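Working notes for the structure below.
The values are calculated or read from the model by the stated rules, or taken from the named source; none is laboratory data. From a predicted model like this one, the values you see are computed outputs, not experimental measurements. Positions of Cβ are generated from backbone atoms using ideal geometry, with glycine treated the same way; all protein chains shown enter the neighbour counts.
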Amino acid sequence: MADISKITNVAIENVAKVCGVAVANIAKVINNIYVSFANTHSYLFDGTDDYINATSAISAFDKDEGTFHLRVKLAVAGAPSKFMLGIADGNNANFIRIFYHGSQTKLYFQCKTAGTNKNAVSSAGALGADGNWHTICCTWSRSAGEFKAYFDATQVSTTKPIGSSTWSPTVFNIGANQNTSSNVPWRGGIDEPAMWSSALTAAEITALETPIDLLADSGDYSSSSNLTMWYRADGDTGTNCDDHTSENNDATRVNGTSLSTDAPST
């Protein structure tokens, strides 16, 4: 892809002149071009004991405001429940977790703080084991008092108020519950688990429906500076999950979590 930053005002004016359209319209098109990348791998979980230990990224977690976003492909629908993500303090008194409730065929986005568990629940019939990749996202903002849940970029639930921000997480797992001793791990694929220290807007979440370079602002996406974790699977070696942000909080694939060439197209 061409470097959009190298397009000069003169070049824009020339294109506008040739095409017979206003300069403002050309600029609008350029601003809506997203920076893509080659997405060739994802993480594959066996549903038995695989997960990613992302505890190293806790230092980048903002409990006052933030976003989790990941792409998932469910291998087998129905019971039991299957966990995609969990971050919690030591006694599980406070946590954020996302899971597919197998017997209810619903998605649960849970935010428990100050002893109060807030559920943002969505009918997940569209998730299923349909062979397709889907996007899962939640945002939280204590100043707004809201915890929002998104499925395939559509806001499916909002819960409020959310409690105090005094908790300090000590466990962070991807593809598993925050408490692995009572865990039903994910079975299927997870790609591009990412975290921001800001609550992404609905327009930004829509922009992430197609994999784009999260390190570069483009189109409606303008939160690259707040990106604090991004595991892409591409380039990972051994059991390492390479963090593609400047935070360098690499994670570890546990119990044989593998790499797959089945990945969402860019």
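Scanning segment 79-93 for residues that are of a type outside the set (A, V, I, L, M) and at pLDDT below 85 yields PRO80, SER81, GLY90, ASN91, ASN92. Of all residues in segment 53-105, those satisfying the criterion of being charged (D, E, K, R) and more than 25 Å from ALA263 (Cα to Cα) are ASP62, LYS63, ASP64, GLU65, ASP89. Restrict the check to segment 194-206 and report whether at least one residue is buried (at least 21 other Cβ atoms within 10 Å of the Cβ), acidic (Asp, Glu) and within 15 Å of ALA57 (Cβ to Cβ). Within segment 194-206 (the criterion being buried (at least 21 other Cβ atoms within 10 Å of the Cβ), acidic (Asp, Glu) and within 15 Å of ALA57 (Cβ to Cβ)), the answer is no, since none of the residues qualifies. Picking from residues in segment 21-68 that are among the aliphatic types (A, V, I, L, M) and part of a loop (DSSP other than H, G, I, E, B), the one that is modelled with the highest pLDDT is ALA54.
For segment 228-244, residues that are touching a Phe, Trp or Tyr at 6+ places or on another chain (Cβ under 7 Å) and touching a residue at least 40 places away in the same chain (Cβ under 8 Å) total 4. Against the test of being out of contact with any Phe, Trp or Tyr (no Cβ under 6 Å at 6 or more places or on another chain) and of a type outside the set (Asp, Glu), the options VAL156, VAL254 yield a single qualifying residue, VAL156. Of all residues in segment 207-225, those that are under 18 Å from HIS134 (Cα atoms) have Cβ atoms under 6 Å from Cβ atoms of residues that are in a loop (DSSP other than H, G, I, E, B) and charged (D, E, K, R), 6 or more apart or on another chain, in ALA207/ASP220.
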